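**Q** Below is the structure I would like to discuss, written out as structure tokens.
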Amino acid sequence: MCLALPARVIACKDDDDAVVELGGVHKTISLALVPKARVGDYVIVHVGHAIGLLDPLEAERTLALFAELQAQQMQLASEPGKAKEATP
């Protein structure tokens, strides 16, 4: 299974590199496959490479779903016995 995550470009560096923000974490990635990406754009990141541009509304919806899932996991983890029930 492959996983690609939406991230917002916050700075462009030399060559094809850029810094993206994902969940409060800043990471340097390659924009070589998405040369049209600019600061403020959302890109799909897979293994350190932007592989496509993403509509801002779609990116924000996806990130909101991730945040909701994380909140649910944290809630389950704080309830004794519930975490084991939720684990397959």
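**Q** Out of residues 5 or more away from ASP41 or on other chains, whose amide H comes under 5 Å of its own, with H placed 1.01 Å from N in the peptide plane?
**A** Amide H neighbours of ASP41: VAL9.
**Q** Moving to a separate point now. Once you charge only the Cβ atoms, +1 for Lys and Arg and -1 for Asp and Glu, what is the size of the charge dipole of the chain about its Cα centre, to the nearest 20 debye?
**A** Details: 8 positive and 12 negative charges, 29 e Å.
For the chain, the charge dipole is close to 140 debye.
**Q** So, for the chain, what is the accessible surface per residue at a probe of 1.4 Å, expressed in square angstrom?
**A** Result: 72 Å² per residue.
**Q** Still on this structure: How much of the accessible area of segment 4-65, in percent, comes from carbon and sulfur atoms when a 1.4 Å probe is used?
**A** Details: 2110 of 3740 Å².
Roughly 56 percent of what the probe reaches on segment 4-65 is carbon or sulfur.
**Q** Hey, another quick one. Just to confirm a number: summing +1 for Lys and Arg and -1 for Asp and Glu over residues other than GLY40 whose beta-carbon lies under 12 angstrom from that of GLY40, what do you get? All intermediate terms of the calculation are to be shown ahead of the outcome.
**A** Numbers: positive: ARG8, ARG38; negative: GLU21, ASP41.
With Lys, Arg at +1 and Asp, Glu at -1, the neighbours total 0.
**Q** Specify which residue in the list PRO80, VAL25, LEU54 is farthest towards the positive end of the charge dipole of the chain, using unit charges on the beta carbon of Lys, Arg (+1) and Asp, Glu (-1), about the Cα centre.
**A** With unit charges placed on the Cβ atoms, the residue in question is PRO80.
**Q** Out of the DSSP beta bridges found with both residues in the chain, what percent are antiparallel (nearest 5)?
**A** On the way: 19 of 20 bridges.
Bridges in the chain are about 95 percent antiparallel.
The values are calculated or read from the model by the stated rules, or taken from the named source; none is laboratory data. Note that the structure is predicted; figures quoted are calculated from it, not measured. Positions of Cβ are generated from backbone atoms using ideal geometry, with glycine treated the same way; all protein chains shown enter the neighbour counts. Side chains included, ligands, DNA and RNA excluded: accessible areas come from the protein's heavy atoms. Shrake-Rupley method; radii C 1.70, N 1.55, O 1.52, S 1.80 Å.
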